[in-house]
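S.K.: I am attaching a structure below and will ask some questions about it afterwards.
Only the coordinates and a few stated rules stand behind these numbers; no lab work does. For clarity, every value in this text was computed on a predicted model and none was experimentally measured. Note: ideal-geometry Cβ built from the backbone for every residue, glycine included; neighbour counts use all protein chains shown.
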Amino acid sequence: MKGVKGLAAFVALAGAAAPALAQQGVKSGIDAWQHGDYAAAVSIWRPLAEKGDSDAEFDLGQAYRLGRGVSVDLAQAQLWLEKAANAGHLDAQTTLGLLLFDSGNRSGAIRWLKKAAERGEPRAMLVYGTALFNGDGVPKDPLTAYAYVSRAAAQGLQPAKATLADMDQVIPVDLRQKALAMAMNQAKATPAPSSVPAAKPARPKPAKAQPAQPKAAPVETAVASPAPKREPVKSSLPQPKPVAVAASGGWRIQLGAFSQRGSAEGLYRKLSGSLGGHQAYYIPVGKITRLQVGPYPSREAASAACSSLHGQACFPVAAK
């Protein structure tokens, strides 16, 4: 860990021990978190974060993102994640990128996701690769897109495997072969981040990727749930027509997460003409409201509905 914890009495005599002391403090916070004492974890991490410990900054940002030990506050989450990201914290760079993407700040999101993807972080490679494939905030680059997504899939990220399979249907074989060669060179230059050592307690969970399709690959929603939301991947092939309204079904599409229900209602009104009369569902999660629309009879039908909403973040979810 990179953290530095300075105790005034020890600065001159034991400066070399400061990082170890910070690590011990962060670990104590993680232990408290794992036992469900979120407030205690936050109280341990906050002074360390204020002293510039990047692990503590990341953990504190996650606490604000998830609303544990503190109220959900995405502005504070962004502040602390950004501090850690600027210090080179890989999980913070990825989580911050996903949070910014969900809030609509695509340029800021791409900046951090690109940094994390270049360091081999699989979730960042999937989302940044998706953006490259779509030309979403960056020039279209299917070669590099396929290289990144294939690397994420090679690390065992299931949504990347699904996205890669769908990309295989729209990217020519010769281009895929070039992309795989690029991926191998990238992997040699930047090995995949090692997994968390067994002796290191599990941290507050960063954003995770969920199953995706290239035509509806969600980007994580940065709210009280670690479930992600990936931006739709659009190919150059003709897009499927929106499915007919289903009277019933076990699937919905999620269009966003908002601190104000009125914002969710406004987005539904804006998109209602493209939703074929499907019903809006406003799902409260703490102080956040998720906008879901449905029902749809199958995941494929929900994915097709997402693909018809060009430029709108959207992904299928199972109705509960």
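S.K.: Going by amide H atoms built from the backbone, whose H comes under 5 Å of the H on residue 315, apart from near neighbours?
M.R.: 254
S.K.: Assign one of three labels to the stretch 34-106, namely rounded, prolate or oblate, based on the Cα gyration tensor with a ≥ b ≥ c the square roots of its eigenvalues; rounded applies when a/c is under 1.5, prolate when it is not and a/b is larger than b/c, and oblate otherwise.
M.R.: oblate
S.K.: Please give the peptides 74-80, 110-116 ranked by average Cβ packing (other Cβ atoms within 10 Å per residue), highest first, as a rough proxy for protection.
M.R.: 110-116, 74-80
S.K.: Where does each of 261, 290 land when they are ranked from fewest to most other beta-carbon atoms within 10 angstrom?
M.R.: 261, 290
S.K.: Local charge sum around residue 179 (other residues, Cβ-Cβ under 13 Å, Lys/Arg +1, Asp/Glu -1)?
M.R.: 0
S.K.: Suppose R0 equals 25 Å. What FRET efficiency, 1/(1 + (r/R0)^6) with r the Cβ-Cβ distance, do residue 319 and residue 76 give to the nearest 0.05? Don't jump to the answer; show the numbers that get you there.
M.R.: Details: r = 32 Å, r/R0 = 1.28.
Using R0 = 25 Å, I get an efficiency of 0.20.
S.K.: Pop a pseudo-label 7 angstrom from the Cα along the beta-carbon direction at both residue 143 and residue 285 and give the gap in nm to one decimal.
M.R.: 3.8 nm
S.K.: At a Förster distance of 25 Å, what's the computed FRET efficiency of residue 188 paired with residue 107, Cβ-Cβ distance as r, to 0.05?
M.R.: The value I calculate is 0.25.
S.K.: For a test of the definition: using alpha carbon positions, the gyration tensor, and the 1.5 limit on a/c, classify the stretch 251-318 as rounded, prolate or oblate.
M.R.: Verdict is prolate for the stretch 251-318.
S.K.: Along Cα→Cβ, 7 Å out, is where each label goes; now give me the distance between the ones at residue 168 and residue 270 in nm to one decimal.
M.R.: Each label point lies 7 Å from its Cα, and together they span 3.7 nm.
S.K.: I've got another one for you. Ranked from highest to lowest mean number of other Cβ atoms within 10 Å per residue, what is the order of the peptides 156-165, 58-67?
M.R.: Put in order of decreasing packing, that is 58-67, 156-165.
S.K.: I'd like to compare 50-57, 181-188, 148-155, 313-320: which one has the highest average count of other Cβ atoms within 10 Å, and what's the full order after that?
M.R.: Result, highest mean first: 148-155, 50-57, 313-320, 181-188.
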